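To start, I am sharing the structure in question, which I have written as structure tokens.
The values are calculated or read from the model by the stated rules, or taken from the named source; none is laboratory data. On a predicted model such as this, the values are computed, not experimentally measured, just so you know. Because the Cβ atoms are built from the backbone with ideal geometry, glycine has one as well, and the counts that use them run over all protein chains shown.
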Amino acid sequence: MSNINGKVYAMNAITPMKPWKTFVLRGFFFLLGHIKPLQQDLINLSFIEFARWVVLPRKRFPYLGNGQLQEDLQYDYLLFFSNFNGTWNQYIDAFSAVLSKGLNLVWRWSEKFPGSVPVTPFKQYIARVQFDTDYYYTAYPHTTANDLKSAHIVQASLDSLCQNAQSCDPEQFADAYLRFVLEVQSHLGETGEAPTVF
Amino acid sequence: MPNKNGNVYGLTILSPIIDDDKATPSHDLQIRRYLATLPTGERSPFALAPGTHLARLVVMDDVIYVGMPACEEHLESKYLVFESNCDGELDNYLNGLAASVSEQLDAIWSHCVGYPGAANRQAFIDYMKACQIETTFFFAAVNDKSVSETLRALQTQHAVADFIASHQGMDPARLQAEFAQFVAELRSAPVPKAGSMGQPRDIKTGGRNE
């Protein structure tokens, strides 16, 4: 078992919600999905490769018969899965510092959520509702979200340079090549070492 | 549709695990033991099958009690959670998994209630869909590139860094000729294998864990 693969950390959390509150939360997620500027802080943080929230109503747990007992629950549940770069503490600290308003809007509907500021009770709450990953795969383990974005910028710039590389004379090519280097120079390195698996 | 963000699909599956008092060890423990032996690199089943960016498998033992005044409650079943961030359409993705790594899928999901096996492709897809939970909000940092496009871009990034470093101050005619050769070699190179760690590189952009 490990929550870490290369430079990515897999986080799982589940929190109970009173069923009427899930409608409010769904409304918030609807707005978040359709008004892109509301996602700007999440995008700017740039250390989350993929993340999702899943509202799981108490009567919608998969039931397949075959002797399986049906769930009998009072709460709906909010599942959170994140694939982020860095360590758990860095992630929660950054979440609390940068996204506190957004996080409060997501989790304030969950039972006993203390708010994302101050950070100490927030961390205690997350630690309580988190459960560990048994198997974690990534197609590009040595890569962070910033590495991904940079690699696609370099690929697009190279493709663009290649379109005219054959038809121009050497001097024109040298000029285009210089512009290409200036364009990609800050996207060529890789980010630092991966977190250590203990 | 919340399950999709751009071209990436956010698949969330909860499969109830068989609860059998007579099974020793219990089915959830058998899943955990098997997952602990499963490779996570380029021999991972998700690397052998097409289309997975990141995926996880988690045994969820129970819901979590957060303390008074919340009510304490428990699940009747344990669930195997499969969370995948994958390319394209769900049917194609599940078909690809069943076609490529049916043995590993069977080894994992045979401990779950009602699993029909991956050999019966349509039954397998129907089963997975029956266990699927719709994602409410799905975020993807890059949502318009496939796994192979991403691996290709990472390969390009590394190669371009090396090329630029070794061609500084070169006269234009030679630079143009060597650039043409570089691009031809890069385009004919095979796409790196999914799940491969790659070689750590000397050029860094920032500090630890950035």
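So, in the range A:80-101, of the ones that are within 8 Å of another protein chain (Cβ to nearest Cβ) and out of contact with any Asp or Glu (no Cβ under 9 Å at 6 or more places or on another chain), which residue ends up nearest to B:His53 (Cα to Cα)? Explain how you work it out, then say what you get.
Step one: of the range A:80-101, the residues within 8 Å of another protein chain (Cβ to nearest Cβ) are A:81, A:83, A:85-87, A:90.
Within this subset, residues satisfying the condition of being out of contact with any Asp or Glu (no Cβ under 9 Å at 6 or more places or on another chain) are A:87, A:90.
Details: A:Thr87: 20, A:Gln90: 23 Å.
Looking at residues that are within 8 Å of another protein chain (Cβ to nearest Cβ) and out of contact with any Asp or Glu (no Cβ under 9 Å at 6 or more places or on another chain), I get A:Thr87.
What's the number of the only condition in (1) crowded, with 22+ Cβ neighbours inside 10 Å; (2) within 25 Å of A:Ala51 (Cβ to Cβ) that B:Ser77 fails to meet?
(2)
Taking helices (runs of 4 or more DSSP H) that fall entirely within the range A:77-167, which contain at least 2 residues that are farther than 20 Å from A:Met17 by Cβ, outside the structural domain of A:Asp41 (by TED's automatic domain parsing) and of a type in the set (A, V, I, L, M)?
Because the criterion is at least 2 residues that are farther than 20 Å from A:Met17 by Cβ, outside the structural domain of A:Asp41 (by TED's automatic domain parsing) and of a type in the set (A, V, I, L, M), the helices (runs of 4 or more DSSP H) in the range A:77-167 that meet it are A:145-165.
Any idea which of (1) under 22 Å from A:Leu182 (Cα atoms); (2) within 8 Å of another protein chain (Cβ to nearest Cβ) is the one B:Gly195 doesn't satisfy?
Answer for B:Gly195: the failing condition is (1).
Out of all the residues in the range B:116-138, which are in a loop (DSSP other than H, G, I, E, B) and aliphatic (A, V, I, L, M)? Write out each step before concluding.
Here is the first cut: in the range B:116-138, the ones in a loop (DSSP other than H, G, I, E, B) are B:116-120, B:131, B:133-136.
Once the filter is applied, which keeps residues that are in a loop (DSSP other than H, G, I, E, B) and aliphatic (A, V, I, L, M), the range B:116-138 yields B:Ala118, B:Ala119, B:Ile133.
Moving on to the next point. Which condition breaks for A:Tyr9 when tested against (1) more than 7 Å from every other protein chain (Cβ to nearest Cβ); (2) among the aromatic types (Phe, Trp, Tyr); (3) not in a strand (DSSP E or B)?
(3)
Here's something else I'd like to know. Looking at (1) surrounded by 14 or more Cβ atoms within 10 Å (Cβ to Cβ); (2) modelled with pLDDT of 95 or more, which one does B:Ala184 not meet, given that it meets all the others?
Going through the list (1) surrounded by 14 or more Cβ atoms within 10 Å (Cβ to Cβ); (2) modelled with pLDDT of 95 or more, B:Ala184 breaks only (1).
Tell me, please, whether a residue that is at the interface with another protein chain (Cβ under 7 Å from one of its Cβ atoms) and under 21 Å from the mean Cα position of the chain (by Cα) can be found in the range A:103-124. Working first, answer last.
Let us first name the residues in the range A:103-124 that are at the interface with another protein chain (Cβ under 7 Å from one of its Cβ atoms), namely A:111-112.
From what is left, the residues that are under 21 Å from the mean Cα position of the chain (by Cα) are none.
There is no residue in the range A:103-124 that is at the interface with another protein chain (Cβ under 7 Å from one of its Cβ atoms) and under 21 Å from the mean Cα position of the chain (by Cα).
Now, a different point. Looking at (1) at the interface with chain B (Cβ under 7 Å from one of its Cβ atoms); (2) surrounded by fewer than 18 Cβ atoms within 10 Å (Cβ to Cβ), find the lone condition where A:Phe30 falls short.
Only one criterion is unmet by A:Phe30, namely (1).
Can you spot a residue in the range B:139-160 that is at the interface with chain A (Cβ under 8 Å from one of its Cβ atoms) and assigned to a strand (DSSP E or B)?
Yes, there is a match, as at least one residue in the range B:139-160 is at the interface with chain A (Cβ under 8 Å from one of its Cβ atoms) and assigned to a strand (DSSP E or B).
Next question, about the same structure. Regarding B:Glu72, is this residue surrounded by fewer than 15 Cβ atoms within 10 Å (Cβ to Cβ), within 26 Å of A:Thr22 (Cβ to Cβ) and among the charged types (D, E, K, R)? Please lay out each step first, then the result.
Numbers: surrounded by fewer than 15 Cβ atoms within 10 Å (Cβ to Cβ): yes; within 26 Å of A:Thr22 (Cβ to Cβ): yes; among the charged types (D, E, K, R): yes.
Criteria met by B:Glu72.
Hey, could you check the range A:126-158 for residues that are more than 7 Å from chain B (Cβ to nearest Cβ) and small (Gly, Ala, Ser) and say which is nearest to A:Ser186 (Cα to Cα)?
The extreme case among them is A:Ser157.
Can you find a residue in the range A:76-92 that is in contact with a strand residue (DSSP E or B) (Cβ under 9 Å, 6 or more places away or on another chain), under 29 Å from B:Met128 (Cβ atoms) and surrounded by fewer than 17 Cβ atoms within 10 Å (Cβ to Cβ)?
Within the range A:76-92, not a single residue is in contact with a strand residue (DSSP E or B) (Cβ under 9 Å, 6 or more places away or on another chain), under 29 Å from B:Met128 (Cβ atoms) and surrounded by fewer than 17 Cβ atoms within 10 Å (Cβ to Cβ).
Would you call A:Phe61 out of contact with any Ser or Thr (no Cβ under 7 Å at 6 or more places or on another chain), under 22 Å from A:Ser116 (Cβ atoms) and either within 11 Å of another protein chain (Cβ to nearest Cβ) or not aliphatic (A, V, I, L, M) (or both)?
Details: out of contact with any Ser or Thr (no Cβ under 7 Å at 6 or more places or on another chain): yes; under 22 Å from A:Ser116 (Cβ atoms): no; either within 11 Å of another protein chain (Cβ to nearest Cβ) or not aliphatic (A, V, I, L, M) (or both): yes.
No: the conditions fail for A:Phe61.
Continuing with this model, one more query. Within the range A:24-45, how many residues are farther than 17 Å from A:Leu78 by Cβ, in a helix (DSSP H, G or I) and among the β-branched types (Val, Ile, Thr)?
Residues in the range A:24-45 being farther than 17 Å from A:Leu78 by Cβ, in a helix (DSSP H, G or I) and among the β-branched types (Val, Ile, Thr): 1 in total.
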